[in-house]
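S.K.: The structure's right below; bear with me while I get my questions together.
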Amino acid sequence: MNIALFDFDGTITETDSYTPFIYFSAPKWRIVICYPLLVPLILLYKLKLIGGSRIRTVVSYFCFFKRSHKAVWAQGKEYASTLDSIIKPEAKQRLAWHKAQGDVIVIVSASLDAYLTPWCEKHQYELICATLASRNGLLTGAYLNGDCSADEKARRVKQSYQLDSFEKVYAYGDTTEDKQLLALADEAYFCWNKVS
């Protein structure tokens, strides 16, 4: 049996899924109040002076702190129903191929469990991703185990799966945050081009 490790945003999807979920789920007043505070971070991110990991953790804190876990997960389930419309044709094809082979398919993403969990359950994929922490039914705004990108992607995969027990490891990614994930593979694809 083989295992196929897929990044989500930009690899499987045509567009980012995290930012639209923020606009979909965050109360508008939070966006209005927090946006001016986030502009400097967004500019630093656009200038590639800070990574996506830093901005995601800050945005998630502002948008989810003290929000009802149950309510955000209900929004996540609703949002997940829209994700199939942004799946790349080559991703659909490759996911179907792996499923037909009987491979274990794992989505490994810095995006959020609130919407990736229902999407992965629908398609019968396994999931490693950023998990929103909660206490007493309220989100803390933090991630349970940190942002799931770069080294953390590879660490969590190795923690969850004994890769040498699979005949072949495939990995798919599209950014520098996926390089460590691709390094785990016997056969790696970067932006749908085979690199190993």
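The values are calculated or read from the model by the stated rules, or taken from the named source; none is laboratory data. Owing to the predicted nature of the structure, the values given are computational and were not obtained by experimental measurement. Note: ideal-geometry Cβ built from the backbone for every residue, glycine included; neighbour counts use all protein chains shown.
S.K.: Which numbered condition trips up Gln159, out of (1) surrounded by fewer than 13 Cβ atoms within 10 Å (Cβ to Cβ); (2) in a loop (DSSP other than H, G, I, E, B)?
M.R.: Exception for Gln159: condition (2).
S.K.: Do you know which of the residues in segment 140-156 that are of a type outside the set (Ser, Thr, Tyr) and in a strand (DSSP E or B) is surrounded by the fewest Cβ atoms within 10 Å (Cβ to Cβ)? Explain how you work it out, then say what you get.
M.R.: The initial filter retains those residues of segment 140-156 that are of a type outside the set (Ser, Thr, Tyr), namely 141-142, 144-148, 150-156.
Cutting the leftovers down to in a strand (DSSP E or B) gives us 141-142.
On the way: Gly141: 19, Ala142: 17.
The qualifying residue surrounded by the fewest Cβ atoms within 10 Å (Cβ to Cβ) is Ala142.
S.K.: Hey, does segment 131-153 have a residue that's of a type in the set (Val, Ile, Thr), without any contact (Cβ under 8 Å) to a residue 60 or more places away in the chain and closer than 16 Å to Ile107 by Cβ?
M.R.: yes
S.K.: Out of the residues in segment 65-105 meeting the condition of being surrounded by fewer than 20 Cβ atoms within 10 Å (Cβ to Cβ) and of a type in the set (Val, Ile, Thr), tell me which one is nearest to Tyr23 (Cα to Cα).
M.R.: Within segment 65-105, the match that is nearest to Tyr23 (Cα to Cα) is Thr82.
S.K.: Name the residues in segment 165-196 that are of a type in the set (A, V, I, L, M) and part of a loop (DSSP other than H, G, I, E, B), would you? Let's see the steps before the verdict.
M.R.: Here is the first cut: in segment 165-196, the residues of a type in the set (A, V, I, L, M) are 169, 171, 181-185, 188, 195.
Once the filter is applied, which keeps residues that are of a type in the set (A, V, I, L, M) and part of a loop (DSSP other than H, G, I, E, B), segment 165-196 yields Ala183, Leu184, Ala185, Val195.
S.K.: Follow-up question, since we're still on this one. Answer yes or no as to whether Ser111 is hydroxyl-bearing (Ser, Thr, Tyr), within 13 Å of the chain's Cα centre (by Cα) and at pLDDT 95 or above. Give the derivation first.
M.R.: Working: hydroxyl-bearing (Ser, Thr, Tyr): yes; within 13 Å of the chain's Cα centre (by Cα): yes; at pLDDT 95 or above: yes.
Yes.
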